[in-house]
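Engineer: Handing you this structure, nothing more for now.
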DNA sequence: GAAAGCGTTTACAGGACGTTCACACGAATT
DNA sequence: AATTCGTGTGAACGTCCTGTAAACGCTTTC
């Protein structure tokens, strides 16, 4: 059977971004990029939920463990570090998207080329308007 | 014959680096390198996993056998020794890459060294110079 | 028996990492 | 427009990890 979520050689993909949770490797456009342990854990957590918004609380629980304390900016810092490295490797693609008040979402989207951004409605309040 | 990991005339390659586990030979850019037994074992272990990150624990188990004790720096020392010899043989290539917190990865990559030298290297690097 | 090579261990230096601050920017609200 | 909350971003700082040279004992060779 194909058990991939937790055992043999899981391989996560999103556009030209590839992550191998087992090997600790991140490959962007064929080139291996070096990321720290925290960066890697965060990236894996997001990659396992591609296209979906992950709350800070969830991310913290997954990567750091425990509960996110008020005022803790670790997630923001590491999201930023990841963005820098990903943009350096794949300049025309944007992977980690911010959903203010909701969390982060990982998905490969073109950066600056053209604004198809008529999507003014980023997320309807029907989704989960009560975030703590 | 599909078995190559331990039988007849295995021949490992990575760029201009060639290793023959059976003969105990290391050839870099056509020149034979002399390496010690430990250095050789470590190199073979890494070459058999080209492109992948190998943890210190795994390396130790493969080359030294047993479990890596806390504070044991043998691997670091031998990685360094290998790096010195490989760089001496192939100055513009970097083979053993460190992934902090993960392990080591062997892969031929150009050394992006932006030297400010306008005099020295211009064409043929004279690799058979005066080495030992 | 002395010299040399090798593998291991030790010591110190340098760099990377993770966390926390501080401030700037932007979005949402009033 | 002004305020408030949330996020972006660069930097400071202590800690841990890795790089590197050298000391040490062991084995081999002459």
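The values are calculated or read from the model by the stated rules, or taken from the named source; none is laboratory data. Keep in mind the model is a prediction, meaning the values are calculated, not measured. Here the Cβ positions follow ideal geometry from the backbone for every residue, glycine too, while neighbour counts run over all protein chains shown.
Engineer: Of A:48, A:83, A:110, A:56, which residue is in contact with a strand residue (DSSP E or B) (Cβ under 7 Å, 6 or more places away or on another chain), more than 11 Å from DNA strand D (Cβ to nearest atom) and modelled with pLDDT of 95 or more?
Structural biologist: It is A:48.
Engineer: Please verify whether residue B:78 is away from chain A (no Cβ under 14 Å), crowded, with 18+ Cβ neighbours inside 10 Å and farther than 21 Å from residue B:18 by Cβ, treating the condition exactly as stated.
Structural biologist: no
Engineer: Quick one: residue A:32 ticks every box in (1) within 14 Å of chain B (Cβ to nearest Cβ); (2) within 11 Å of DNA strand C (Cβ to nearest atom) bar one, so which box is it?
Structural biologist: Status for residue A:32: all satisfied but (2).
Engineer: Here's a follow-up. Can you find a residue in segment B:51-74 that is part of a strand (DSSP E or B), within 14 Å of chain A (Cβ to nearest Cβ), touching a residue at least 24 places away in the same chain (Cβ under 8 Å) and crowded, with 17+ Cβ neighbours inside 10 Å?
Structural biologist: Yes, some residue in segment B:51-74 is part of a strand (DSSP E or B), within 14 Å of chain A (Cβ to nearest Cβ), touching a residue at least 24 places away in the same chain (Cβ under 8 Å) and crowded, with 17+ Cβ neighbours inside 10 Å.
Engineer: Among the residues of segment A:114-124, is any modelled with pLDDT under 95, in a loop (DSSP other than H, G, I, E, B) and closer than 23 Å to residue A:60 by Cβ?
Structural biologist: Within segment A:114-124 (the criterion being modelled with pLDDT under 95, in a loop (DSSP other than H, G, I, E, B) and closer than 23 Å to residue A:60 by Cβ), the answer is yes, since at least one residue qualifies.
Engineer: Given the structure, is residue B:39 away from every other protein chain (no Cβ under 14 Å), under 14 Å from the mean Cα position of the chain (by Cα) and modelled with pLDDT of 95 or more?
Structural biologist: yes
Engineer: Search segment B:81-109 for residues that are more than 14 Å from chain A (Cβ to nearest Cβ) and pair each with any residue that is in a strand (DSSP E or B) when their beta-carbon atoms are under 6 Å apart and the residues are at least 6 apart or on different chains.
Structural biologist: From segment B:81-109, the pairs are B:83/B:96; B:85/B:33; B:86/B:95; B:89/B:28; B:89/B:33; B:90/B:28; B:93/B:108.
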